[in-house]
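Participant: Mind looking over this structure? Questions follow.
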Amino acid sequence: MENIRVRIAPSPSGNLHIGTARTALFNYLYAKKTGGEFVLRIEDTDLERSNQEYTQNIFDSLKALGLQWDEGPDVGGKYGPYYQSERFDIYPKYAQILLDKGYAYECFCTPEELEAEKEEAMKNHRAYVYSRKCMNLTEEEKAGLRAKGIKPSIRFKVEHKELIFNDLVKGELKFDTNLIGDFVIMKSNGTPTYNFAVVIDDMLMKISHIIRGEDHISNTPKQILIYEALGAEVPKFGHLGMILAPDRSKLSKRHGATAVSDFVKQGYLTDALINFVALLGWAPSDGVEIKPVDEIAKDFRIHDVSSSNSIFEYDKLNWMNGQYIKKMDISKLTDMALPFLSKYDSAEFGEHGLSKMSRENLEKMIEITREPITTLSELEHDCAYFFGEDVDYTEGMETLQKPDAKVVLNRVMELIDGYDFESDEDVHDKLADLRTEFKEKHNMKPKETMWAVRAAVTGRTRGADMARTMTILGKDVCIHRIKKALEF
């Protein structure tokens, strides 16, 4: 049986993008489905743009999403090193093999000469391919150019043919290599180009399947030619459609969060995020969309991945995140919610701050406020009235200024000493009695009665269960706020 090995090879030049996370996920799912191995390699050869902070972000984001790799920079493996920058001594050896076998040659063309060739091609309205002017230089000519201080790059000599391969996602693809031209595999400064380094790394790491974005399709024929020239087995390629914004443009920050860490900061649960990302270009066979990664892996079929672009629908992500929030264990959800409520732990909240609230009341608060929210960040607003002695009455002002509200609140003040604030059920029953009394004696609609109480206690016209809200706040705070509200 084939030993399946897949990899994700991000560049640490920015935080892990959601598109790269989708590529990582599909590789991970394929590995889990087939009993294969999932490898992480960091392609940090662009030293100017690479940053250790971004490398750590890649590690943290993939782990948060539950995509643990079998081999990689931090866990090791038998095909390391897994930082590309630590592999620079490997590439010249294979470039020399290609030179010796006649598949590559030294190119002494200066940037100015190459630019002139490109301009000439543009003038004649033809696609530019390198002229091969250096391919047949004699050793004497090469020595003369070196004596002038010119350092050569190394170009791969492209055989002219129709190259055909079967893409795991897109089916049969054909390329005319005449349109590629001889391409550089080693720069004049001795560093490998992307297309060369990635082939050598994948070859030595025995990567069997390369699943990546379709923006890499133009690289694939070049890489296949290098594999063939080295006499290596060509891996199977699969190219995923792009992820587009709702307006069908390239997904960017102007549409909202794009990095995994940004979504987490905004209060998206990583379980929901990875579940949503799995559905960008793929669908479960049973039609059930909400399920954990392990279940998705059992059902994953690479050949059923859509070859079309996928639309990143933020509304659907919000809905799915809301579903996860509703179903999550309340203790775990409370732990995850606390960072989004940290502002309520400042000195201004005193004895009514976050750290002063009991764990029991914290969990009860999250339980009664989680129903309508779609992200944890919404809790900052939705839980605001649970903290501090006073409350902002801006939103509830109109309700409080109605004549009936004063009647309701005065009646509550007469009765509130009889409320048992240790019992949600008792306060619930007492509020039900209040609604009945005002319906029978004052012909008030039950919701109007409760609007007055809610506006006084929370400053809002809508919110969490009123009885449980009042028991969390306690009798003293409720009385204080109702008295303040009566001043309106």
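The values are calculated or read from the model by the stated rules, or taken from the named source; none is laboratory data. On a predicted model such as this, the values are computed, not experimentally measured, just so you know. Cβ sites come from the backbone with ideal geometry, for glycine too, and all protein chains shown count toward neighbours. To get the accessible areas, we keep the full protein, side chains included, count just its heavy atoms, and leave off ligands, DNA and RNA. Shrake-Rupley method; radii C 1.70, N 1.55, O 1.52, S 1.80 Å.
Participant: In percent, how large is the relative contact order of the stretch 289-403, given Cα pairs closer than 8 Å and 6 or more residues apart?
Facilitator: Taking the mean separation of contacting Cα pairs over the length of the stretch 289-403, I get 29 percent.
Participant: Would you kindly give the portion of the calculated P(r) for the stretch 84-191 that falls above 20 Å, as a percent of all Cα pairs?
Facilitator: Distances greater than 20 Å cover 53 percent of the Cα pairs.
Participant: For the stretch 178-319, which whole percent of the accessible surface, found with a 1.4 angstrom probe, sits on carbon and sulfur atoms?
Facilitator: Heavy-atom surface of the stretch 178-319 belonging to carbon and sulfur, 1.4 Å probe: 50 percent.
Participant: Checking the cross-link filter: which lysines have an alpha carbon closer than 27 Å to that of Lys445, excluding same-chain neighbours under 8 positions apart?
Facilitator: Lys402, Lys406, Lys430, Lys475, Lys483, Lys484
Participant: Once amide H atoms are placed 1.01 Å from N in the peptide plane, what residues at a sequence separation of 5 or more from Val184, or on another chain, have their amide H within under 5 Å of its amide H?
Facilitator: Excluding prolines and chain starts, which carry no amide H, the hits are Phe156.
Participant: Cα axis of helix 111-123 to longest principal axis of the chain: angle in degrees, 0 to 90, nearest 10?
Facilitator: Helix 111-123 and the main axis of the chain meet at about 80 degrees.
Participant: Might you list the cysteines of the chain that have no disulfide-compatible partner by the rule of another cysteine's Cβ under 4.7 Å?
Facilitator: Cys109, Cys383, Cys478
Participant: Per residue, what volume in Å³ does the convex hull of the Cα atoms of the stretch 407-483 enclose?
Facilitator: Normalising the Cα hull of the stretch 407-483 by residue number yields 76 Å³.
Participant: Per-residue accessible area for Asp74 at 1.4 Å probe radius, Å² rounded to 10?
Facilitator: 70 Å²
Participant: Right, next: So if I place +1 on the C-beta of Lys and Arg and -1 on the C-beta of Asp and Glu, and nothing else carries charge, what would the dipole magnitude of the stretch 448-488 be about its Cα centre? I want it in debye, nearest 20.
Facilitator: Roughly 80 debye, rounded to the nearest 20.
Participant: Determine which lysines satisfy two conditions relative to Lys142: a Cα distance under 19 Å, and not lying fewer than 8 residues away in the same chain.
Facilitator: The qualifying lysines are Lys101, Lys133, Lys151, Lys157, Lys187.
Participant: What net charge do the residues around Glu37 carry, taking every other residue with its C-beta under 11 Å from that of Glu37, with Lys and Arg at +1 and Asp and Glu at -1?
Facilitator: Cβ neighbours under 11 Å give a net charge of +3.
Participant: Below 8 Å between Cα atoms, with a sequence gap of 6+, how large is the relative contact order for the chain in percent?
Facilitator: Computed over the chain, the figure is 12 percent.
Participant: Keeping every protein chain present and rolling a 1.4 Å probe, give me the accessible area per residue for the chain in Å².
Facilitator: 48 Å²
Participant: Spin-label point model (7 Å from Cα, Cβ direction): what's the Leu173 to Glu120 distance in nm?
Facilitator: Placing both labels 7 Å along Cα→Cβ, they lie 3.2 nm apart.
Participant: Binning at 10 Å from 0, report for the stretch 299-339 what percent of all alpha-carbon pair distances ends up in each bin.
Facilitator: All Cα pairs, binned at 10 Å, distribute as 22, 29, 31, 18, 1 percent.
Participant: Show the residues, 5+ positions off or on another chain, whose built amide H is closer than 5 Å to the amide H of Arg5.
Facilitator: Counting only residues 5 or more places away or on other chains, the set is Glu37, Ser208, His209.
Participant: Determine ³J(HN,Hα), in whole Hz, for all residues of the stretch 375-380 in sequence, where each value follows from phi through the Karplus function 6.51 cos²θ - 1.76 cosθ + 1.60 and θ = phi - 60°; x replaces Gly and Pro.
Facilitator: 9, 5, 5, 5, 5, 4
Participant: May I pose another question? If I take the Cα coordinates of the chain and project them onto the principal axes, what are the three extents in Å, biggest first?
Facilitator: Extents along the principal axes, in whole Å: 108, 50, 44.
Participant: If you don't mind, there's one more thing I want to ask. Which three extents, in angstrom, do the Cα atoms of the stretch 124-268 have along their principal axes, listed largest first?
Facilitator: Cα extents, longest axis first: 66, 41, 35 Å.
Participant: Then there is this: Divide the volume of the convex hull of the Cα atoms of the stretch 345-470 by its number of residues and quote the answer in cubic angstrom per residue.
Facilitator: Looking at the stretch 345-470, the number lands at 118 Å³ per residue.
Participant: What is the antiparallel percent of DSSP beta bridges lying wholly in the chain, to the nearest 5?
Facilitator: Once the DSSP bridges in the chain are tallied, antiparallel ones form about 55 percent.
Participant: For the stretch 1-160, what is the convex hull volume of its Cα atoms per residue in Å³?
Facilitator: It comes to 200 Å³ per residue, whole-number rounded.
Participant: Could you size up the charge dipole of the chain around its Cα centre, putting +1 on the beta carbon of Lys and Arg and -1 on that of Asp and Glu, and report it in debye to the nearest 20?
Facilitator: It works out to roughly 1120 debye.
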